[in-house]
Every structure is written in C-alpha cells, then in structure tokens.
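The values are calculated or read from the model by the stated rules, or taken from the named source; none is laboratory data. As the structure is a prediction and not an experimental result, all values here were calculated from the model. Positions of Cβ are backbone-derived with ideal geometry, glycine not excepted, and every protein chain shown enters the neighbour counts. Only protein heavy atoms, including side chains, enter the accessible area calculation; ligands, DNA and RNA are left aside. Shrake-Rupley method; radii C 1.70, N 1.55, O 1.52, S 1.80 Å.
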Amino acid sequence: MSSSTETLFRYDTPVILVGASPVPISETLSALPANWPVLAADGGANALLDLDRRPAMVIGDMDSARGLPDDLPRLALDGQDDTDLQKCLARIETPLLVGLGFLDGRFDHALAAMHALMVLDHQQPVMLVGTHDVVLRLCGDITFDAEAGSRVSIWPLGTQDFGPSEGLRWQLDGLQMAPGALIGTSNEATGGPVSIRAGAGQGYAVILPRVAMPRLLEAVMPSAV
C-alpha cells in the first residue's frame with residue numbers, strides 16, 4: 001500500500017471496507033480472504049474493533065467513530081456534501097473493493113450507498129454485501145454461474161446500453177436501461193453461466209442473493225479468491 005500527496009491509497013489486492021450499519025458482518029468477513037486489507041469508513045472502525053479486528057486505516061468525517069485507539073491510523077475529512085462511503089471510494093484505488101455494513105439498517109443509508117456507486121468516476125468493480133443481497137457495480141462485461149430460478153436483478157446506475165446476454169429468463173439484448181425509465185428487477189437465471197455484455201453507458205449493478213457472493217468474487221477476481 002502507498003499513498004500520494006493527494007491522499008490516494010493504492011492496493012494491488014482487493015480491499016475490504018467496513019461501514020457502520022448496525023448489522024452482523026462477522027460471517028461475511030470471515031468468508032473473505034484473510035490477506036485482503038481491511039479498512040473502515042468512520043464508525044465501521046467500531047464494528048471491527050468489537051470483533052477484535054483492527055482496521056489498517058479509518059477514513060471519514062469521524063462523526064460516528066467513538067473511543068478509537070490513539071495509535072489507529074485515520075484520515076479525518078471535513079464536508080457534508082458526500083458520505084463516508086464516497087470519501088473512501090474517492091481515495092482507495094484497488095482492483096476490487098468489497099464493502100460490508102452499507103446496505104442494511106436505515107433505508108436512506110442504503111440509498112446513499114447506491115448513490116455512491118452511481119457517481120463513481122472510475123471503472124473498477126465495487127461489491128457491497130448485505131444481510132440478504134450482494135450488489136456488484138460494473139462498467140463492463142461479466143459471466144458468472146447461477147442456479148436455475150436464482151434471482152438476478154440488473155439495475156442501471158445511469159443510462160446503460162446492453163448487448164447480447166445469455167442465461168437469463170428475460171434477455172437484455174439491445175436494451176437501454178436508466179433509473180426512472182427501464183430497470184431489470186427480478187430477472188431469473190435459467191441455470192449455468194449467466195453472461196452480460198455491456199455497451200456504452202454509465203455502469204450498472206448486478207444484484208444477487210448474498211449466497212452468490214463467492215461466485216461473483218470468482219467472476220471478477222478469479223486470481224484473488
């Protein structure tokens with residue numbers, strides 16, 4: 001890991017980022033590779049410390065973190081125009097960021113997490129894992145395995161065109177999706193590989209049941225899991 005004068009933290013491996021949503025994260029955290037760096041967004045540091053896990057860095061406006069050890073590295077950032085998740089995403093460069101503790105709890109916080117994915121200015125994948133769902137933000141193609149009947153939602157994070165797809169009950173071929181217009185909630189896998197080809201656009205999210213997390217990780221970072 002290194003940091004530049006712009007306080008950009010660069011990693012060659014995927015990074016786990018923990019937020020402050022009051023939901024259990026220990027099971028998901030233990031299922032992720034132990035060598036991936038673990039960082040915290042503001043009060044997510046307390047969630048980690050409660051599990052006897054020490055984050056490598058705490059980033060945020062520090063309005064919800066409490067009683068942190070004095071020697072715990074932190075980057076305190078002012079400003080209320082962006083969320084702690086946005087602050088972190090803007091400063092962490094990694095092949096894949098996996099966020100825990102951002103989707104559940106308060107609904108407005110979950111909406112803010114989706115907003116953070118919509119305004120990203122890079123193309124690296126970002127995965128948010130909740131109690132029931134896993135949300136993978138993408139700007140390109142993906143192929144993953146899914147059991148027949150499994151829920152596969154495709155949610156546009158702006159205007160997004162799609163090319164030929166395979167393995168879905170309702171194919172995406174030639175569709176243009178956009179929030180407030182056409183979305184792809186509650187599609188289904190037909191069994192086997194699901195292939196999505198993305199055309200021009202601002203990115204999209206693949207939303208699957210949480211149990212599908214290992215398959216999505218394998219699809220986006222096969223060499224890291």
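Given the -39500 (n - 2.57) contribution per DSSP H run of 4+ residues, what per-residue ellipticity at 222 nm results for the chain, rounded to the nearest 500 deg cm²/dmol? That comes out to -4500 deg cm²/dmol.
Pairs of Cα atoms nearer than 8 Å and 6+ residues apart set the relative contact order; for segment 1-129 it is 29 percent. Determine the shape class of segment 127-193: with a ≥ b ≥ c the square roots of the Cα gyration tensor eigenvalues, call it rounded for a/c under 1.5, and otherwise prolate if a/b is greater than b/c, oblate otherwise. Oblate. Residues whose amide H comes within less than 5 Å of that of Gly191, counting only those at least five positions distant or on another chain, are Ala148, Gly149 (H built at 1.01 Å from N in the peptide plane). What is the chain's relative contact order, in percent, from Cα pairs under 8 angstrom and six or more apart in sequence? About 18 percent, as a whole number. A Förster radius of 22 Å, combined with the Cβ-Cβ distance separating Val23 from Glu147, puts the computed FRET efficiency at roughly 0.30. In terms of the mean number of neighbouring beta-carbon atoms within 10 Å, the peptides 145-157, 127-139 order highest first as 127-139, 145-157.
Between Phe107 and Leu182, the simple label model (points 7 Å from Cα in the Cβ direction) yields a spacing of 2.8 nm. The peptide list 198-210, 181-193, put in order of mean Cβ contacts within 10 Å with the highest first, becomes 198-210, 181-193.
Here the Karplus relation 6.51 cos²θ - 1.76 cosθ + 1.60, evaluated at θ = phi - 60°, turns the backbone of segment 167-178 into coupling constants of x, 10, 5, 10, 6, 9, 3, x, 7, 10, 10, 6 Hz, with x for every Gly and Pro. Expressed as a whole percent, the accessible area of segment 114-225 that falls on carbon and sulfur atoms is 52 (1.4 Å probe). For the chain, the longest principal axis of the alpha carbon atoms and the long axis of helix 107-118 meet at an angle near 70°. In terms of its C-alpha gyration tensor, segment 114-225 has a rounded overall shape, because the principal axis ratio a/c (a ≥ b ≥ c, square roots of the eigenvalues) stays below 1.5.
Computed packing ranks the peptides 159-166, 95-102 as 95-102, 159-166, most packed first, by mean other Cβ atoms within 10 Å. Each residue of segment 186-191 was assigned a 3J(HN,Hα) from its phi angle through the Karplus curve 6.51 cos²θ - 1.76 cosθ + 1.60 (θ = phi - 60°); the sequence is 6, 6, 9, 7, 8, x Hz, with glycine and proline shown as x. When the P(r) of the chain is calculated, the portion above 29 Å amounts to 25% of the C-alpha pairs. Could you compute the net charge surrounding Leu39? Neighbours are other residues with a C-beta less than 13 Å from the C-beta of Leu39; K and R count +1, D and E count -1. Around Leu39, the surrounding residues sum to +3. Solvent-accessible area assigned to carbon and sulfur over segment 3-100 amounts to 46 percent, based on a 1.4 Å probe. At full extension, Thr13 and His115 could sit 34.2 nm farther apart than now, given 0.36 nm per residue minus the alpha carbon distance.
Distances between placed amide hydrogens fall under 5 Å for Ser165 paired with Leu172, Asp173, all partners being 5 or more residues away or on another chain.
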